[in-house]
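For reference, the structure is listed below as structure tokens.
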Amino acid sequence: MKTRRYAIVIDTLRCIGCADCVVACKTENEVPEGYCRDWITEATTGTFPELHTEYRSERCNHCSNPPCVHACPTGASFVADGSNVTLVDPELCTGCKSCIAACPYDARFVLPEGYVSKCTFCMHRVEVGLDPACVSACPTRCMAFGDCNDPDSEVSRLLRTRTWKVIAPEAGTEPNVYYLT
Amino acid sequence: MEEFVITQKANPHIDPGLAIWGWEVPVYLFLGGLAAGLLLLGAVSVLRAETDRPAAQRLLGLVTPILGIGMGALFLDLEHKLHVWRFYTAFQVTAPMSWGSWILLFAVPVNLLLALGTAGNAFGPGFRAFADRLPALAPLEAWAIARRRPLAWLSVAIAVAVGIYTGILLSAYGARPFWNSAILGPLFLTSGVSAAAAALQLAARTHGERLPFERLDVGLLVIELLLMGLLVVTLVSGPLQAQRAADLVLGGPMTVYFWVFVVGLGVLLPLSLETFQLRGYRLPVFVAPAFVLMGSLVFRFFIVEAGQVTTWIAY
């Protein structure tokens, strides 16, 4: 089976931090009030008046080397067949929180029902040919979703032609959410 | 200078800082280490063929109840308690928690058989009178007595595995710089055996019985001190995130917690008291072991907290 490496590429020069992606995710995935699968980080660097502000829509990085999956004692956290998308099977999850401790991005949380939840890259939408809800809803079109293993995909093209970074690459997890700078 | 503002993110126990593990996990780590230490010292006592109701063999009967209370604490920590059996429908080779679940499962029957095989020696006529009322126990006891030495060797292996595992469990989390050191495994094992040596000092009936555990504990506390020092050194000499983690105890918010309560009251003070006792000073015999046991517990509370407040991301 051909392996897909799904990624979200986010143009920080276009993102305005409006949080529409957050609202779209909550709506699409029925995330309970008080919880979120994605969020906005506003990073300001420099000293006044030389300041630079960057908005980033952040979420689970669906790492190619996922420590959350390695740390799960029951197999509840797993990598979906044929891709890099990490998912949680509520039927296997004990709520031990090992995966949460293992995630350097603090992207996971425990739902009131007692099992762990996080971004799924909206696989239920991707499987029917749609983009994840956050990507579809973005009013500035700053996000692109696709398969990095497909050289003709938009994400591959963006990563070839623009400068980019990932969050905490030194953690060694090979994250798949990219930020164009 | 870099300043972050995070909006929309307020997941319980994740934000603003990780707080997923409360008192349950450190209590389990303490009891698991103590049980491992008691099993190890009890098994060594069996292998040395000690007679006359040795304390190390008497306390073998406490290993399973202590482990049981510890596992009970872990159970309370689970968010999806009805799924606890899922630990035993899988073996995940990369997950220390999975290794721990299975090792604990083997530790209980091996400990019970060893305790049964040594109970006659450990409790003398008192146990005989009890066993005589349970004739069904006799064949099992005879089986365990005949295999006392293999059971003791197996117990040594399981005890070391449980003791080290309690540290490896945390050190395997690369995402938490304060935990991510291989020193935690031997450090937790040493601390667990030290706690067991302290418990055996409390259980000893005579000065002669207490003395070897006092001597052993002095050695273990010195090793523990060295390993704690090495832990700080590896963090200080590590990458930036490890250095930031070390800052936590080198002037940061957990400095007093670590140096005063963990190192000072938990290791240095009992080490000094036990050294004085070995040199002939008469002190109340329960004081030093009580500090060792408290120190061992406080150390695990400290480590669990320290790991959760250190991270790879800068916010």
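The values are calculated or read from the model by the stated rules, or taken from the named source; none is laboratory data. Values in this document were obtained by computation on a predicted structure and should not be read as measured data. A quick note on method: Cβ atoms are made from the backbone with ideal geometry, for glycine too, and the neighbour counts reach across all protein chains shown. Quick note on the areas: whole protein, heavy atoms, side chains included, nothing else; ligands and nucleic acids left out. Shrake-Rupley method; radii C 1.70, N 1.55, O 1.52, S 1.80 Å.
Selection of the stretch B:184-240 for residues being in contact with a Phe, Trp or Tyr (Cβ under 9 Å, 6 or more places away or on another chain) and free of Cβ contacts under 8 Å to residues at least 24 places away in the same chain yields B:Gly185, B:Val232.
Go through B:Leu113, B:Leu170, B:Leu184 for me and flag whichever is closer than 21 Å to B:Leu47 by Cβ and modelled with pLDDT of 95 or more. Spell out how you get there, then give the answer.
On the way: B:Leu170 fails: closer than 21 Å to B:Leu47 by Cβ; B:Leu184 fails: closer than 21 Å to B:Leu47 by Cβ.
Of the residues listed, the single one that is closer than 21 Å to B:Leu47 by Cβ and modelled with pLDDT of 95 or more is B:Leu113.
Is it fair to say B:Trp153 is open to solvent by 40 Å² or more (accessible area, probe 1.4 Å), part of a helix (DSSP H, G or I), of a type in the set (Phe, Trp, Tyr) and within 9 Å of chain A (Cβ to nearest Cβ)? So B:Trp153 does not fit the description; no. For the stretch B:158-175, the count of residues that are open to solvent by 40 Å² or more (accessible area, probe 1.4 Å), outside any helix (DSSP H, G or I), touching a residue at least 24 places away in the same chain (Cβ under 8 Å) and within 12 Å of another protein chain (Cβ to nearest Cβ) is at least one. Condition first: β-branched (Val, Ile, Thr) and over 13 Å from the mean Cα position of the chain (by Cα). Now tell me which residues in the stretch B:18-68 satisfy that. Scanning the stretch B:18-68 gives B:Ile20, B:Val44, B:Val46, B:Thr51, B:Thr64. Somewhere in the stretch B:123-137, is a residue under 23 Å from B:Tyr28 (Cα atoms), away from chain A (no Cβ under 14 Å), open to solvent by 50 Å² or more (accessible area, probe 1.4 Å) and out of contact with any strand residue (DSSP E or B) (no Cβ under 8 Å at 6 or more places or on another chain)? No, the stretch B:123-137 contains no residue that is under 23 Å from B:Tyr28 (Cα atoms), away from chain A (no Cβ under 14 Å), open to solvent by 50 Å² or more (accessible area, probe 1.4 Å) and out of contact with any strand residue (DSSP E or B) (no Cβ under 8 Å at 6 or more places or on another chain).
Select from the stretch B:1-47 the residues that are open to solvent by 10 Å² or more (accessible area, probe 1.4 Å) and under 30 Å from B:Pro150 (Cα atoms) and list them in ascending order. Of everything in the stretch B:1-47, those that are open to solvent by 10 Å² or more (accessible area, probe 1.4 Å) and under 30 Å from B:Pro150 (Cα atoms) turn out to be B:Phe30, B:Leu31, B:Leu34, B:Leu40, B:Leu41, B:Val44, B:Val46, B:Leu47.
So, in the stretch B:56-113, exactly how many residues are small (Gly, Ala, Ser), away from every other protein chain (no Cβ under 14 Å) and farther than 16 Å from B:Ala157 by Cα?
Our first condition is that a residue be small (Gly, Ala, Ser); within the stretch B:56-113, this holds for B:56, B:61, B:68, B:70, B:72-73, B:90, B:95, B:98, B:100-101, B:107.
From the residues that got through so far, the ones that are away from every other protein chain (no Cβ under 14 Å) too are B:56, B:61, B:68, B:70, B:72, B:107.
Those still in the list that are farther than 16 Å from B:Ala157 by Cα too: B:56, B:61, B:68, B:70, B:72.
Result for the stretch B:56-113: 5.
Pairs meeting the criteria (first residue in the stretch A:18-31 and in a loop (DSSP other than H, G, I, E, B), second residue open to solvent by 60 Å² or more (accessible area, probe 1.4 Å), beta carbons under 7 Å, at least 6 apart or on different chains) are A:Cys18/A:Pro139; A:Ala19/B:Gln8. Listed by position, the strands (runs of 3 or more DSSP E) enclosed by the stretch A:75-181 that each have at least 2 residues that are surrounded by fewer than 18 Cβ atoms within 10 Å (Cβ to Cβ) are A:77-79. Starting from residues that are farther than 23 Å from B:Thr190 by Cβ and not in a helix (DSSP H, G or I), keep the ones in the stretch B:282-315 and report whichever is farthest from the other protein chains (Cβ to nearest Cβ). It comes out as B:Arg282. If you check B:Ala288, B:Ala314 for being small (Gly, Ala, Ser) and modelled with pLDDT under 95, only one passes: B:Ala314. In the stretch B:267-286, the residues that are closer than 15 Å to B:Gln201 by Cα form Cβ pairs under 6 Å with partners that are part of a helix (DSSP H, G or I) and of a type in the set (Phe, Trp, Tyr), at six or more places apart or across chains, as follows: B:Pro270/B:Phe291.
Yes/no matrix, rows are residues, columns are (1) in contact with a helix residue (DSSP H, G or I) (Cβ under 6 Å, 6 or more places away or on another chain); (2) more than 8 Å from chain B (Cβ to nearest Cβ):
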{"position": "A:Cys63", "(1), (2)": "no, yes"}
{"position": "A:Thr74", "(1), (2)": "yes, no"}
{"position": "A:Ser77", "(1), (2)": "yes, yes"}
{"position": "A:Cys99", "(1), (2)": "yes, yes"}
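In the condition set (1) buried (at least 19 other Cβ atoms within 10 Å of the Cβ); (2) under 19 Å from the mean Cα position of the chain (by Cα), B:Arg86 is compliant with all but (2).
Looking at A:Glu113, A:Glu58, A:Glu50, which one is more than 10 Å from chain B (Cβ to nearest Cβ) and of a type in the set (D, E, K, R)?
Only one candidate passes the filter, namely A:Glu50.
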